[in-house]
Amino acid sequence: MKKKDFYLFIVPSLLMMFLFIAVPLAIVFQQSFYITQNVFEDVEVETCTPGFLKQICETEIQTKPKLDANGNIINVSVFVGLENYKNLLQIEKFKKSLYSFSLSEIEKINFWKAFRFTVTFCLITLPLVISLGLLIAITVNNLTQSLKGPVIFISLLPFIITPIIGALAIRWLFVGEGILTSLIEYLLERDIALFASAWTLELLMVIYRVWHVAPFAFIVFYAGLQTVNKETLESAVIDGANRFERLRYIVIPHLMPLIIFVSLIHLMDSYRVFEEIVAFSSQAYVISLQWLTYDFLTPDDTGNRLINRASTSAMLTMIGVSVIILPLLKRTWADYREGNL
Amino acid sequence: MKIRVFLLGIAFALVSNFAWAGCSFTNVVEVRSLTNSFDAWKSVTEAMSECGNVTATLDSEFKDKQPDAFAANPSLYEIGGVSGSTITPLLNAGTIRPLDDLVAKYGQNLNPNQLIKIDGKIMGIAMSVNNQHLMYRKDILDNLGIAEPKTYDDVLAAAEKIKAANVVDYPFGGAYKSGWNLAEEFVNMYLGNGGEFFGEGNAPTLNNAAGVKSLETMKKLTAYMDPEYLTSDSTYAQKQMQQEKIAMAYLWATRAGAMDNAEESKVVGKIVMASAPMGDVRPASTLWWDGIVIAKNISDVKAEAAFRVAMEGMDTEMVTANNEDAVWLITGYKPGASAAGAAATAENGAAPYPSGSRMGVMHSALGNGIADFLTGAKDAASTLADIEAAYTSAATEKGLM
């Protein structure tokens, strides 16, 4: 392709990425170093609201935002350096709780509570997704031709369902009066409450996420399995390699670039775990970093929202994602340099 | 066949065009409303639609949209449905208009009690009042010889007896869902115990005996609730009551009507609506109202049409048809048994919800902080101290302190 054609093709996409990814990112980055606030003033206000039969009038000093000449709320932005990061990370408190060697002390700080869950969630689901995906792929690959189509279709269903809907379905099955809870209660003859403790909630979240993402791993690995060199496999059989050895020394090395690809995507996705928290309304027990950002952005009844702190939290999430995928990126880069890719 | 369907379609189109039969005038100006989505709003917006050219948006997340939608010029909605606290951002930003002249012209049927007055100017029209109060199964309490609980000590004693008798799954239920709901429970309890939220310069003043007592009462109650209480919102608690799972509930007055709805309730006629239990000073409940406001950034013609449509939505005819949907303030409302709890709570002297910018920040801090005490992660004093710290940090960031 001529260089000019190449640029013509890529310019629209670059422009879009610049407008919709780079620019917002730069603004969020900048926002995380500023505090934007209203200018408030104390005014005496008489408020009359309905009682049951007669009105209740109260006069009190209220703190209200000042308006400018055009009737708009006056906003001021102040550069505060790392203040937002300090507020969010609570470094002093975090250090103190580190010295006490107690996880429950660290979990009293919202950010670190969310961080602890997010990281464990990523690291626990990753091997489960990869191994389950591989298992299904190998099983389907060994099925007779006539069964393959229907089994692939059914295996893919969890991946097609919208995440929030899937998570809600799990919630309705396992909530206090849910069908599955009732069944388990009937079988065990005891009351269970899966949504009333952190570990059961986390377990449900892991199960849900693996159920939801394993089909993606499966379909990628299944495609990869079609390209395994048949002759190598046959010669391995002749050399006396058993099924496990063939998997260990031929199939998995062949699939390695795909395993890294699936791991990358999965880590990036699961670091932003969010739907599970909302659908299970688990915020009393378990919160994630993405949920924290969302919570800062949600306005309260009177319209306040913490945009700057949300920006800070979003930046930290982005840094976190970059760090957690770093080992995998390094490996891909090394493979690329060696010419394996 | 196709022609018949086509004709049917035309017939329907004509009928819907003439659907303003229930309205006293024909509205020709486009009017849009954004309100919450509970039953009372459904009834009111349906009655408004009878006037024609009304587009009603009912959205339980309305409060996230309303401030920005009303700040646009022209405003995206003419009519806004608000409550005692969600009117605050609109008042602060000055995006709703005074209604004095419109009330003088078209508001002959309004009660003086309905007029929301800020510094003497009418800024909104209330349609109903709401508060949380006690609901209990009369059959169960009578069988066990328990008198109507008047305080939370009574409630706890009754719950213990009900638990011992093992007649329901859980003795007590309420909207304890972490976040806004849980914070509201604390606000009710704390104000009932005579607590003050703010001191000099909007500084928080929670960490005191009243605060600790409120938290401890809440924790004692949770021992008698479904263990998943931190995910239980009003609808969940309402269903528990309707399905005979609980014997007492602390719920919104808007949920009272549903207890006697035979289509979804197994406890028709068995529930008594009682006052909210007394705290140390006043009933542990706050008074709320729901009503409408009219946008500022619209033409006077539009505002007039919007106000007239709203008055049609909030007229006696609508109340007569939907008497049980809410504790209406509108002429023609017949307070039935389902309104008794709300009335008793108000008569016993419950305080209005103390809305304002600082209270919004406080409510969020409470909603995120209280669960740690109920789950046992923190003790009462450090829970309150952490909530105060969270409030201080957020209020400072917003410029309130």
Take the residues of the stretch B:317-337 that are under 20 Å from the mean Cα position of the chain (by Cα) and part of a helix (DSSP H, G or I): which is nearest to B:Trp41 (Cα to Cα)? B:Asp325
Would you check if there is a residue in the stretch A:318-336 being acidic (Asp, Glu), open to solvent by less than 50 Å² (accessible area, probe 1.4 Å), over 17 Å from the mean Cα position of the chain (by Cα) and over 28 Å from B:Ala183 (Cα atoms)? yes
Quickly run through the stretch A:253-276 and pick out the residues that are within 23 Å of A:Leu123 (Cβ to Cβ), in a helix (DSSP H, G or I) and free of Cβ contacts under 8 Å to residues at least 60 places away in the same chain. A:Met256, A:Leu258, A:Phe261, A:Ile265, A:Met268, A:Asp269
With (1) without any contact (Cβ under 8 Å) to a residue 60 or more places away in the chain; (2) of a type in the set (Gly, Ala, Ser); (3) in contact with a Ser or Thr (Cβ under 8 Å, 6 or more places away or on another chain); (4) within 13 Å of chain A (Cβ to nearest Cβ) as the list, and B:Gly195 as the residue in question, which single condition is left unmet? (4)
Subset of the stretch A:93-141 (residues that are hydrophobic (A, V, I, L, M, F, W, C) and not in a helix (DSSP H, G or I)): A:Phe101, A:Ile109
Residues that are out of contact with any helix residue (DSSP H, G or I) (no Cβ under 6 Å at 6 or more places or on another chain) and under 17 Å from B:Pro352 (Cα atoms), at least 1 per element: which helices (runs of 4 or more DSSP H) completely within the stretch B:128-206 meet that? B:180-192
Looking for something closer than 24 Å to B:Gly336 by Cα, free of Cβ contacts under 8 Å to residues at least 12 places away in the same chain, more than 10 Å from chain A (Cβ to nearest Cβ) and not basic (Lys, Arg) - is there at least one such residue anywhere in the stretch B:242-257? no
Hey, can you tell me all the residues within the stretch A:274-310 that are crowded, with 23+ Cβ neighbours inside 10 Å, farther than 14 Å from A:Lys113 by Cα and more than 11 Å from chain B (Cβ to nearest Cβ)? A:Glu276
Quick check on the stretch B:54-69. Is at least one of its residues assigned by TED's automatic domain parsing to the domain that holds B:Leu34, over 22 Å from the mean Cα position of the chain (by Cα) and open to solvent by less than 30 Å² (accessible area, probe 1.4 Å)? yes
Conditions: (1) within 14 Å of chain B (Cβ to nearest Cβ); (2) open to solvent by 30 Å² or more (accessible area, probe 1.4 Å); (3) free of Cβ contacts under 8 Å to residues at least 60 places away in the same chain. A:Leu168 meets all but one. Number of the miss? (3)
If you go through the stretch A:59-81 one residue at a time, how many are under 30 Å from B:Glu347 (Cα atoms) and more than 7 Å from chain B (Cβ to nearest Cβ)? 3
Using the structure shown, decide if A:Val220 is at pLDDT 95 or above and assigned to a helix (DSSP H, G or I). yes
Would you call A:Leu258 closer than 24 Å to A:Val151 by Cα and surrounded by 15 or more Cβ atoms within 10 Å (Cβ to Cβ)? yes
Residue satisfying condition, being surrounded by fewer than 23 Cβ atoms within 10 Å (Cβ to Cβ) and either modelled with pLDDT under 90 or among the β-branched types (Val, Ile, Thr) (or both), within set B:Thr316, B:Thr383, B:Thr345: B:Thr316
Does A:Ile219 fit the bill of being β-branched (Val, Ile, Thr), more than 19 Å from the chain's Cα centre (by Cα) and surrounded by fewer than 20 Cβ atoms within 10 Å (Cβ to Cβ)? yes
Candidates A:Met1, A:Met16, filtered to the one that is more than 30 Å from B:Val129 (Cβ to Cβ) and within 38 Å of the chain's Cα centre (by Cα): A:Met16
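The values are calculated or read from the model by the stated rules, or taken from the named source; none is laboratory data. A quick note: this is a predicted structure, and the numbers were derived from the prediction, not measured. Cβ sites come from the backbone with ideal geometry, for glycine too, and all protein chains shown count toward neighbours. Please note that ligands, DNA and RNA were not included when accessible areas were found on the heavy atoms of the full protein model with its side chains. Shrake-Rupley method; radii C 1.70, N 1.55, O 1.52, S 1.80 Å.
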